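No value in this document is a laboratory result; all are computed from the given coordinates. Computed from a predicted model, the values in this text were never measured in an experiment. No Cβ is skipped: glycine too gets one built from the backbone with ideal geometry, and neighbour counts run over all protein chains shown.
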Amino acid sequence: MRDDTLHLETLAVHAGRDPEAGDQGLAPAFKPATTFLRDAKGDYPGGHQYSRGSNPTRARLESALAALEGGGDAIAFASGMAAASAVFALLTPGDHAIVNADAYHGITRFVENWLKPRDIGITFCDTAELKNIEKHVMPETKLIWLESPSNPQLKITDLAATALFARERGILTACDATLASPALQRTLDFGIDIVMHSSTKYIGGHSDLLGGVLAARDINIAERLRGWQIDAGAVPSAFDCWLILRSLPTLPLRIAQQSATAARIAAWLVEQNAIEKVFYPGLATHAGHEIAKRQMSNFGGVVSFQLRGGERDALAFASGTRLFMQATSLGGVESLIEHRASVEGAQRRSPDNLLRMSVGLEHADDLIGDLDRTLRELQQ
């Protein structure tokens, strides 16, 4: 279902969920088959040959995700990193890419370990300032990789300005919009060529699956990305696709509530003397606040902050919360907290005192109470 007249909440319920032929079940069926019957002519009347190439459940999911993104096509992957690697696979030796310096640390590790050794030039820069991109563009630049909001410092890149700059120079743009999800940011509408999500996060929303997705408005770009998906075997299981389909109808509701609670928590943190700095694009003091207002319908459920003190205090805080569970990932129904620098390892770039929170669906007063108690205990 693709209908520009329908609101996102309606698309989230109906896209990819047309009643099944035969029993007319309203819930999408789970089709785990990996191989499909041929007819007497050797053709595939059901439209599917082998599940690495296509699967009925995955096809439903991709149709739904394309509708939510307003893109020409969407391609589902086994993980967010599998999706990202498909974009970088478009590069060839001698090419150059600009990558957001505040990108997810898995992206940093991937380009350092797998692209640079293959004679693909990489320049990291803060893409929140277009002048930084302008300074690093060279004739060999073929890709600008953005992340907005970024992880974990929630920097905001001006998508429309960057897309225009790149398009005038024939440079492909891709944006990891995982922290926004399609419910808060229609990335392709700003001229970006490819939008990527780790569907493990908000799109899945229940901390029980791995997945990634790319959407592209240009069908030729989408076909190249789908070619990598199939040839590299980077496909999600039919069951994970079914789980994501199950989660899509509640995506707008979940992230609306998470955003509202995150905004309250961010405002509370700003008032605490023990907090050095708060990162949240919904704050008027955030450097990217005005751009975020133009690009996003709300500001998301992730809040990062720097605690006064060092790594030891930050780790103690993360292990002292009760409702905020200390665990990796984000976007689930439960609230999580994580000391980012220790997760990033040898290539750590987050401040030692930075903590990232993923706000879940608990009551805001309970979550603020948990943070308040932990702060007071830390100061004793």
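In order along the range 332-337, the Karplus-derived 3J(HN,Hα) couplings, from 6.51 cos²θ - 1.76 cosθ + 1.60 at θ = phi - 60°, round to x, 6, 9, 7, 10, 9 Hz, and Gly and Pro are given as x. Residues R322, R217, R373 in ascending order of nearby Cβ atoms (within 10 Å, fewest first): R322, R373, R217.
For Q326, the amide hydrogen comes within under 5 Å of the amide hydrogens of I337, counting only partners 5 or more places away or on other chains and with H modelled in the peptide plane.
Counting pairwise Cα distances across the range 257-380, what percent come out greater than 22 angstrom? Tail fraction, whole percent: 30.
Computed about the Cα centre, the dipole magnitude for the range 8-250 is approximately 320 debye when only Lys and Arg (+1) and Asp and Glu (-1) carry charge, each at its Cβ. Select one label from (i) 153; (ii) 143; (iii) 132: the one whose number is volume of the Cα convex hull per residue in Å³ as derived from the coordinates shown. Recomputing volume of the Cα convex hull per residue in Å³ here picks out (ii). Considering only L225, W114, G288, the residue lying farthest towards the positive end of the dipole of the chain is W114, judged by Cα position with unit charges set on Cβ. Backbone amide hydrogens, once placed in the peptide plane, bring D176 within less than 5 Å of L146, E147, S148, M196, excluding anything fewer than 5 places away on its chain. Taking G205, G25, G309 as the candidate residues, the one with maximal mean-square fluctuation in a Gaussian network model of the chain, Cα springs under 10 Å, is G25.
Residue order for T57, T173, fewest other beta carbons within 10 angstrom first, comes to T173, T57. Couplings 3J(HN,Hα) for the range 264-269, derived from phi with the Karplus relation 6.51 cos²θ - 1.76 cosθ + 1.60 (θ = phi - 60°), are 5, 5, 4, 5, 5, 4 Hz, where x marks Gly and Pro. Couplings 3J(HN,Hα) of the range 120-130, computed from phi: 10, x, 10, 10, 8, 8, 7, 6, 5, 10, 4 Hz, in residue order, whole Hz [Karplus 6.51 cos²θ - 1.76 cosθ + 1.60, θ = phi - 60°; x for Gly and Pro]. Sorted ascending by nearby beta carbons within 10 Å, beginning with the fewest, F324, F110, F239 become F239, F110, F324.
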